[in-house]
Amino acid sequence: MDRFAEYLELMMPYLLCINLSGMTDKEIVDHKTLENKILPIGSGKYEAQMIRLVLESGYGGLIGLIDHMPSADSETRLRENLAGLNEILSR
């Protein structure tokens, strides 16, 4: 996360799409069950800052919301992600 802005600038000419998800510290992820690896947008630690950096960068491409949680209903997860994204954007 410390170098995301730097890497984003380097990637900008090549980006076709950016996919968003909630992000937390790797120490919180249970690597056996993968619990907490993928979180709804707005419930993680880093995505708000990353989304702000993307907006400030002038990125004009597509932004996707993806559901990597087979245990969760995709419509429910999409609604959670949209609510979290709206919360971040309203700050």
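Just so it is clear, none of the values below were taken in a lab; they were calculated from the coordinates. Note that the coordinates shown come from a computational prediction; the quantities given were computed from them, not determined experimentally. In this analysis, Cβ positions are derived from the backbone assuming ideal geometry, glycine residues included, and neighbour counts consider all displayed protein chains.
Considering only alpha-carbon pairs that sit under 8 angstrom and 6 or more positions apart, the relative contact order computed for the chain is 33 percent. The charge dipole of the chain, taken about its Cα centre with unit charges on the Cβ of Lys, Arg, Asp and Glu (plus for the first two, minus for the last two), comes to roughly 40 debye. If you sort the three axes of the alpha carbon gyration tensor as a ≥ b ≥ c, you get a/c of 1.5 or more for the chain and a/b above b/c, which makes it prolate. Restriction of the GluC sites (Glu not before Pro) in the range 2-51 to DSSP coil positions whose beta-carbon has at most 16 other beta-carbons within 10 angstrom yields GLU35.
Neighbour counts of other Cβ atoms within 10 Å put ILE38, ILE18 in the fewest-to-most order ILE18, ILE38. Legend: ranking of residues ARG77, ARG52 from fewest to most surrounding C-beta atoms inside 10 Å; resulting order ARG52, ARG77.
Long hydrophobic helices in the chain, taken as whole DSSP H segments with a C-alpha length of 18 Å or more on their own axis and mean Kyte-Doolittle hydropathy at least -1.0: 74-90.
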